[in-house]
Amino acid sequence: MTLDNYFEFLAPNDIRIKGHRIGIETILYEYLFKAKTAEEIAQTYKTLTLEQIYATILYYLQNQESVNQYIENWLNWSHQQRENQRLHPSPIVQKLKQYKAEKLKQLQENAH
């Protein structure tokens, strides 16, 4: 079995672990940015085998330049999405913020 057999290459910006909806970026973020071991990652993502996690790490090590670009693109996209959500909150988020502000105001008024 080759290393590529562990993955589904859905698009240049969407590589998933075969049989799962989990993208390689999820595992590699834990590994690279949170310094978690494969065993620790397996505790979080119980549907993945340790072999699949190690395959993901090995895929990264063998393709560092392209995978680093993949992760950088994913991080940039994630930041853009969060900023877009912050600037354009959904109606429910707006209502929750309004409710929170009203409750905070009531608490402050009751404290006086």
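Quick notes on this structure:
- Cβ-based net charge around D4, under 13 Å, with every Lys or Arg adding one and every Asp or Glu removing one: +1
- The mean sequence distance of close C-alpha pairs (under 8 Å, at least 6 residues apart), as a share of the length of region 1-95, puts its relative contact order at 21 percent.
- The lysines within cross-link reach of K100, meaning a Cα-to-Cα straight distance under 27 Å and a gap of 8 or more places when in the same chain, come to none at all.
- Backbone geometry of region 99-108 corresponds, through the Karplus equation with coefficients 6.51, -1.76 and 1.60 at θ = phi - 60°, to 3J(HN,Hα) couplings of 4, 4, 5, 5, 5, 4, 4, 4, 4, 5 Hz, x marking Gly and Pro.
- Bridging of K46 to aspartates and glutamates at a Cα separation below 15 Å is possible for E30, once same-chain residues fewer than 8 apart are set aside.
- Full-extension gain in nm, L61 to H79, via 0.36 nm per residue minus C-alpha separation: 4.0 nm
- Given charges at Cβ of Lys, Arg, Asp, Glu: region 34-112 dipole, positive-most of W77, N110, T56: N110
- Only Lys, Arg (+1) and Asp, Glu (-1) charged, at Cβ; the chain dipole about Cα centre in debye: 740
- Between amide H atoms placed 1.01 Å from N, distances below 5 Å from F7 occur with K18, all of them 5 or more places distant or on a separate chain.
- Taken about its Cα centre, region 1-56 carries a charge dipole of about 140 debye when Lys and Arg each add +1 at the Cβ and Asp and Glu each add -1 at the Cβ.
- Given R0 = 30 Å, the distance between the Cβ atoms of D4 and L87 translates into a calculated FRET efficiency of 0.15.
- Long-range amide H partners of K36 with built H, under 5 Å: Y31
- From phi via Karplus (6.51, -1.76, 1.60), per-residue ³J(HN,Hα) for region 70-78 in Hz, x at Gly/Pro: 4, 5, 4, 4, 5, 5, 4, 4, 4
- Estimated from helices alone, the mean residue ellipticity of the chain at 222 nm is -21500 deg cm²/dmol (sum of -39500 (n - 2.57) over DSSP H runs with n ≥ 4, per residue).
Where a number appears in this text, it was derived from the coordinates with a stated rule and is not lab data. Because the structure is predicted, anything quoted here is derived from the model rather than measured. We place every Cβ from the backbone using ideal geometry, glycine too, and count neighbours over all the protein chains shown.
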